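Trainee: Here it is, the structure, as structure tokens.
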Amino acid sequence: MKNVLVTGGAGFIGANFVHYLLLVDARVRIVNLDLLTYAGSLENLTELADESRHLFVEGDITDSALVNRLMSEHQIDTIVHFAAESHVDRSIHGPAPFIQTNIVGTFTLLEAARQAWAKDRGGKRFHHVSTDEVFGSLAEDDPPFSEANPYVPRSPYSASKAGADHLVRAYFHTYQLPVTITNCSNNYGPYQFPEKLVPLMILNALHGRPLPVYGDGRQIRDWLYVEDHCEAIRLVIEKGQPGETYNIGGGNQPYNLDLVLEICAILDEIRPAEKSYASLITHVADRPGHDRRYAMDVSRIRNDLGWFPRYDLESGLRQTIQWYVDHPQWIESISSREGFEAWMEKNYAARGAR
Ligand code: NAD
Ligand code: DAU
């Protein structure tokens, strides 16, 4: 990795990856291509370890002229592809941008890499960041997903990510493009847009608003602290086999309701209010097609590359909650943006009780 094109690097995981990579690798230069949709923010990119090795470009990954120009102007040898429409609930309300960015955008990047690296693929890598949701939904006693599980996506979001994964694999087999894919479970940590479960619960709790738990709250996700995800991605790019897929997960699989209770308990400790924050929990109507359980078998990345998560749920959540409590300006600025209240209204006010 020398000249790295990061897509979606103003979003949650992308921004964490940019911070992380500039800190741990003094050789890399990063070109960060991001459209700054509602989910992207330059406020996620302040206080970088080394500004001089980071160039931000506002633009669309579906813009092939722009992507081709960046590839040649900056002699890009590595693409780390995060850019996506990423929220399942939004994909239920309006799937079109998911198809455009997640499928057409990935295709545009693959074509740009194929052309730019046609003469020499040595030392090149196209790394695609994907999700466990492509594997569908598990029952409580099913074994966790391995890389060999069939793809059974069940939301427009996961279907669009599955389509992108298939394209990436096809470019390896057909054109020998040096690709790797990681399928990761639910991340949490600093800079996560407060439409996702963990930051939404923290934000609502701090404002004394209801904490909306979908359905019975007995769905299960496999939670991973974002820095552990960043470390895994770097390891896969440096040491992973071209053409290979690696599952990543945290091995933390509480019921949603228990996770929310844990967030409340930590907040009760570090920001006590009159009543416990748990009194704000409200069960609301379920998400349509709600996947019941995800869990990842991480044997391949652990055995082949030596990766393991450094944070357990307790330490990761504490660090995350402290970060949100310490960054009221970030929360204020993100949640006062145009469109945020309208989204809350659309997804929650009209939703009704369970
Ligand atoms: P996010 O929604 O926080 O950020 C997405 C970023 O992509 C934003 O900065 C946005 O402006 C940018 N973007 C969107 N459309 C674009 C376009 N057409 N051109 C350029 N930039 C565009 O998402 P995230 O949670 O950081 O997820 C990043 C990636 O990781 C996604 O591919 C997602 O599918 C995957 N993933 C996320 C999780 C998770 O728990 N958040 C878990 C596994 C995999
Ligand atoms: O599994 C990886 C995926 O995790 C990523 O690919 C997605 O980009 C990311 O958004 C995330 O998807 P989820 O749908 O699992 O995340 P979300 O935070 O939206 O929801 C987590 C769980 O919490 C899920 O079971 C739905 C539930 N939930 C969510 C919200 C926003 C609630 O009960 N209430 C809520 O208000």
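All of the numbers you see were taken from the coordinates with simple rules; none came from a lab. These figures come from a predicted structure and were not determined experimentally. In this analysis, Cβ positions are derived from the backbone assuming ideal geometry, glycine residues included, and neighbour counts consider all displayed protein chains.
Trainee: From the residues HIS290, VAL325, ILE263, which one has its Cα farthest along the dipole of the chain in the positive direction, the dipole being from +1 and -1 charges on Cβ of Lys/Arg and Asp/Glu about the Cα centre?
Mentor: HIS290
Trainee: Can you give me the C-alpha center-to-center distance between the range 186-201 and the range 101-174, rounded to a whole angstrom?
Mentor: Answer, in whole Å: 23.
Trainee: Local charge sum around THR174 (other residues, Cβ-Cβ under 13 Å, Lys/Arg +1, Asp/Glu -1)?
Mentor: Combined, the nearby Lys, Arg, Asp and Glu give +1.
Trainee: Cut-off under 28 Å on the C-alpha distance; same-chain residues fewer than 8 positions from LYS161 excluded. Which lysines are left, in chain and number order?
Mentor: Leaving aside lysines fewer than 8 places away in the same chain, those within reach of LYS161 are LYS2, LYS124, LYS196, LYS239, LYS346.
Trainee: Further question: So how do VAL226, VAL104, VAL179 line up by other beta-carbon neighbours within 10 Å, fewest first? Provide the component values of the computation, followed by the final result.
Mentor: On the way: VAL226 24, VAL104 18, VAL179 27.
Exposure proxy ranking, most exposed first: VAL104, VAL226, VAL179.
Trainee: Rounded to the nearest 20 Debye, what is the dipole magnitude of the range 181-320 about its Cα centre when Lys and Arg each give +1 and Asp and Glu each give -1 at the C-beta? Intermediate results must be reported in sequence, preceding the final value.
Mentor: Values: 15 positive and 19 negative charges, 40 e Å.
In total the dipole reaches around 200 debye.
Trainee: Would you compute, for the Cα atoms of the range 125-202, the largest minus smallest coordinate along each principal axis and list the three values in descending order, in whole Å?
Mentor: Result, largest extent first: 46, 33, 20 Å.
Trainee: A follow-up question, please. Count the DSSP beta bridges whose two residues both fall in the chain, then state the antiparallel fraction as a percent rounded to the nearest 5.
Mentor: Approximately 5 percent, going by the DSSP bridge assignments.
Trainee: Another question, if that's okay. With the contact rule set at Cα under 8 Å and sequence spacing of 6 or more, what percent relative contact order holds for the range 186-339?
Mentor: Numbers: 196 pairs, mean separation 55.0, N = 154.
In percent, rounded to a whole number, it is 36.
Trainee: Treating the beta-carbon of each Lys and Arg as +1 and of each Asp and Glu as -1, no other charges, what is the dipole magnitude of the range 1-95 about its Cα centre, to the nearest 20 debye? Numbers along the way, then the final one.
Mentor: Numbers: 6 positive and 13 negative charges, 57 e Å.
Once rounded to the nearest 20, the dipole reads 280 debye.
Trainee: Averaging over every viewing direction, what projected area does the convex hull of the Cα atoms of the chain cover, in nm²?
Mentor: On the way: hull surface 66.2 nm².
Directional mean of the projected Cα hull area for the chain stands at 16.6 nm².
Trainee: Fewest Cβ neighbours within 10 Å first, please rank GLU133, GLU111, GLU73 accordingly. Spell out each step's value before the answer.
Mentor: Values: GLU133 25, GLU111 17, GLU73 10.
Going from least to most buried by this count: GLU73, GLU111, GLU133.
Trainee: Under the definition of Cα pairs under 8 Å and six or more residues apart, what whole-number percent is the relative contact order of the chain?
Mentor: Values: 648 pairs, mean separation 61.0, N = 354.
Contact order relative to length: 17 percent.
Trainee: Want the number for ARG318 to HIS166: 0.36 nm per residue separation, take away the alpha-carbon distance, what's left? Walk me through the numbers on the way to the answer.
Mentor: Details: separation 152, 0.36 × 152 = 54.72 nm, distance 3.69 nm.
Roughly 51.0 nm would be gained on extension.
Trainee: Ranking LYS2, LYS346 by Cβ neighbours within 10 Å, fewest first, what do you get?
Mentor: Values: LYS2 12, LYS346 15.
Exposure proxy ranking, most exposed first: LYS2, LYS346.
Trainee: Let me ask something else about it. Using r as the Cβ-Cβ distance of HIS93 and SER52, and R0 as 41 Å, what FRET efficiency do you calculate, to the nearest 0.05? Please list the in-between numbers first.
Mentor: Values: r = 41 Å, r/R0 = 1.00.
It comes to 0.50.
Trainee: Where in the range 24-90 are there trypsin sites (Lys or Arg not before Pro) that are in a DSSP coil and have at most 16 other Cβ atoms within 10 angstrom of their Cβ? Intermediate values should be presented prior to the final figure.
Mentor: Values: sites: ARG27, ARG29, ARG53, ARG69, ARG90; in loops: ARG27.
Taking the range 24-90 and a limit of 16 other Cβ atoms within 10 Å, the loop trypsin sites (Lys or Arg not before Pro) found are ARG27.
Trainee: Name the residue farthest towards the positive end of the dipole of the range 112-186 from the options SER130, PRO153, GLN115, assuming +1 on Cβ of Lys and Arg, -1 on Cβ of Asp and Glu, about the Cα centre.
Mentor: In the range 112-186, that residue is GLN115.
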